[in-house]
Amino acid sequence: AQSVAQPEDQVNVAEGNPLTVKCTYSVSGNPYLFWYVQYPNRGLQFLLKYITGDNLVKGSYGFEAEFNKSQTSFHLKKPSALVSDSALYFCAVRGTGGFKTIFGAGTRLFVKA
Amino acid sequence: GAVVSQHPSWVICKSGTSVKIECRSLDFQATTMFWYRQFPKQSLMLMATSNEGSKATYEQGVEKDKFLINHASLTLSTLTVTSAHPEDSSFYICSANLGRAASTDTQYFGPGTRLTVL
């Protein structure tokens with residue numbers, strides 16, 4: 001069975017500092033991994049995805065994520081946080097051959113000025 | 001590109017009435033759309049997978065007679081909450097795969113519909 005874990009309910013970062021939002025997954029076969037961001041009362045916006053190839057994936061708004069197969073992780077990172085990055089972030093996984101996506105519980109990011 | 005819209009963005013209805021929510025892919029065709037429900041401060045719960053021209057596939061525990069899904073065209077899926085009750089109040093979000101429904105496709109999400117049942 002597929003599963004995604006986001007171990008932190010909330011992450012607090014000062015503006016200008018690097019940020020990391022953690023995600024680990026469990027899936028049979030090769031994983032397809034996604035990060036989405038949700039602003040209040042809005043749908044989810046796609047940030048980036050890992051399908052294959054380079055383990056470091058670059059996405060929208062300066063975000064990137066690193067796929068680590070041995071640790072089954074796909075942490076979201078940004079070198080310098082902005083106050084406007086404050087939102088709810090979801091990690092998601094999809095197994096090979098299917099298109100049902102499993103979402104993590106979400107991590108709320110607060111960036112303080 | 002890859003814009004998904006939902007209508008209405010919010011709706012308030014009386015208990016016992018039915019509410020229809022539309023999900024449209026504006027600039028692409030979507031053979032597969034998904035309907036999610038999100039409770040406050042919680043993750044998305046997949047309710048059903050909507051397939052163009054065929055019956056929707058419902059997740060375990062989701063009442064198919066209560067949440068009617070119709071995917072009449074490649075750009076439109078509708079969710080009808082029948083005989084709504086206060087416990088159906090929630091944030092409903094649809095999404096569509098950009099691509100040929102392969103597992104590598106990116107899902108694009110609508111802005112959501114806030115349903116409040118009085």
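The values are calculated or read from the model by the stated rules, or taken from the named source; none is laboratory data. Since the model is a prediction, treat every value here as computed from it, not as a measurement. Quick reminder, even Gly has a Cβ in these numbers, built from the backbone with ideal geometry, and neighbours come from all protein chains shown. With ligands, DNA and RNA removed, areas are computed over all heavy atoms of the protein, side chains included. Shrake-Rupley method; radii C 1.70, N 1.55, O 1.52, S 1.80 Å.
On the basis of being open to solvent by 60 Å² or more (accessible area, probe 1.4 Å), under 24 Å from B:T31 (Cβ atoms) and among the hydroxyl-bearing types (S, T, Y), does A:T52 make the cut?
For A:T52, the condition - open to solvent by 60 Å² or more (accessible area, probe 1.4 Å), under 24 Å from B:T31 (Cβ atoms) and among the hydroxyl-bearing types (S, T, Y) - is met.
Are any residues in the stretch B:68-90 part of a strand (DSSP E or B) and closer than 17 Å to B:I12 by Cα, and if so, which ones?
B:L79, B:T80, B:V81, B:S90
In the stretch B:8-23, what residues are part of a strand (DSSP E or B) and in contact (Cβ under 8 Å) with a residue 60 or more places away in the chain?
Within the stretch B:8-23, B:W10, B:V11, B:I12, B:C13, B:V19, B:K20, B:I21, B:C23 qualify.
List the strands (runs of 3 or more DSSP E) that sit entirely inside the stretch A:1-54 and contain at least 1 residues that are hydroxyl-bearing (S, T, Y) and within 13 Å of chain B (Cβ to nearest Cβ).
Values: elements: A:3-5, A:10-14, A:19-21, A:24-26, A:31-38, A:44-50.
In the stretch A:1-54, the matching strands (runs of 3 or more DSSP E) lie at A:3-5, A:31-38, A:44-50.
Looking at (1) in a loop (DSSP other than H, G, I, E, B); (2) open to solvent by 40 Å² or more (accessible area, probe 1.4 Å); (3) of a type outside the set (V, I, T); (4) touching a residue at least 40 places away in the same chain (Cβ under 8 Å), which is the only condition B:G53 fails?
It fails just one condition, (4).
Can you tell which of B:A48, B:A30 is buried (at least 18 other Cβ atoms within 10 Å of the Cβ) and in a loop (DSSP other than H, G, I, E, B)?
Answer to the check: B:A30.
Considering only the stretch A:55-77, state which residues are farther than 28 Å from B:G112 by Cα, in a strand (DSSP E or B) and open to solvent by 60 Å² or more (accessible area, probe 1.4 Å). If you could, list the steps in order and put the result at the bottom.
Initially, the stretch A:55-77 is screened for residues farther than 28 Å from B:G112 by Cα, giving A:55-56, A:66-73.
Narrowing the set further to residues that are in a strand (DSSP E or B) leaves A:56, A:66-68, A:73.
Those that are farther than 28 Å from B:G112 by Cα, in a strand (DSSP E or B) and open to solvent by 60 Å² or more (accessible area, probe 1.4 Å): A:L56, A:E66.
If you go through the stretch A:78-96 one residue at a time, do you hit one that is in a loop (DSSP other than H, G, I, E, B), at pLDDT below 95, at negative phi and surrounded by 20 or more Cβ atoms within 10 Å (Cβ to Cβ)?
no
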